[in-house]
Amino acid sequence: MPDYKSVTISKGRGGWGGPLTITPTADRPLIYSVTGGGIHPVAAKIAELTGGEAFDGFKSSAPFDKIAVAVIDCGGTARVGVYPMKKVMTVDVHATSPSGPLASFIKEDIFVSGVGVSDVVEK
Amino acid sequence: MTAPEVTVEEQVLYSSTVTKVGEQVGMFVGDHGILVLFGADSPAELHDFSALHEPTVASAGPRPGDVVELGGTRIPVLAVGAVVEANLVNLGHIDFKANGATEADMPGDCNLPVGTLVLPQPGDTFRILRPAGPVATPEDAP
């Protein structure tokens, strides 16, 4: 069984929410990248530090209850609320604040934005 | 019935066909003036509130002064956020907001005049068109 580690993810410049502590488990191993152009560097860094499994959401789909954290590059309307609505920890690489029809689901303890690679650190 | 007359030649930057319209799309359009599009290969959790489509031309995103054509309705583009083009070209994703804003609040917004959005139907054409001549901007209006 893999030995998972924790990371702390803080908001970046102009960002909102967090910090979040992410610890994958055997039941929730996936670092789910729902971003353009494959696995985002932020998702790759989280996977590297935690031992979680980087997963490209645009290549295949995964059940929500397998996802340790979703990494999105959402510009503020759609993806920004979907994963918080499903109680999935969410990291937006863009500096967005709660907005859009799903804004009520976006809370500081489940969402952090404006995140760059340097905002992901070992806990 | 004839097609609307096109007075200047237009460049087709993006051309696509709507394949599926999620259950919540009507609520997003009707209650919020927001229409979300995603490419048909997007993750399933995004499908409820999205119109899915399959592009055949995906060369660029819109800029102010371009025209969005959706199901035969032509809508002028007022403002475009910084990540709209990357979203559209890479993921087939765009968030249209019919709020009349002339500056995008969020980086993923493409703003349209209030009340201009239509509820797309499967089979509808979605295109982004750019006038060949100088682009008219709101500041040019008298």
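Laboratory data are not the source of any read-out in this text; all were calculated from the coordinates shown. All values reported here derive from a predicted model rather than from experimental measurement. All Cβ positions, glycine included, derive from the backbone under ideal geometry; neighbour counts span all protein chains shown.
Which entries of A:Lys66/A:Lys107; A:Lys11/A:Lys107; A:Lys11/B:Lys20; A:Lys45/B:Lys20; A:Lys45/A:Lys66; A:Lys66/B:Lys97 show an alpha-carbon separation above 25 angstrom in the structure shown? Those over the limit are A:Lys11/B:Lys20; A:Lys45/B:Lys20; A:Lys66/B:Lys97. Based on C-alpha pairs under 8 angstrom that are at least 6 apart in sequence, chain B has a relative contact order of 32 percent.
With a cut-off of 9 Å between beta carbons, the residues surrounding B:Lys97 carry a summed charge of -3, where Lys and Arg count +1 and Asp and Glu -1. Beta-bridge orientation, chain A: approximately 30 percent antiparallel, per DSSP, counting only bridges with both partners inside. Taken over chain A, the convex hull of the Cα atoms encloses 85 Å³ per residue. Centre-to-centre separation between the Cα atoms of region A:50-123 and those of region B:37-82: 22 Å. Across all directions, the average flat footprint of the convex hull enclosing the Cα atoms of region A:1-63 is 4.8 nm². For region B:16-105, a Kirkwood radius taken over Cα pairs fed into Stokes-Einstein (4 °C, viscosity 1.567 mPa s) yields D = 96 µm²/s.
With helices as the sole contributors, chain A gives -4000 deg cm²/dmol at 222 nm; each DSSP H run of n ≥ 4 counts as -39500 (n - 2.57), and the sum is divided by every residue.
Viscosity 1.002 mPa s, temperature 20 °C: give me the Stokes-Einstein translational D for the protein assembly as shown in µm²/s, with Rh taken as the Kirkwood radius over C-alpha pairs. The diffusion coefficient I find is 113 µm²/s.
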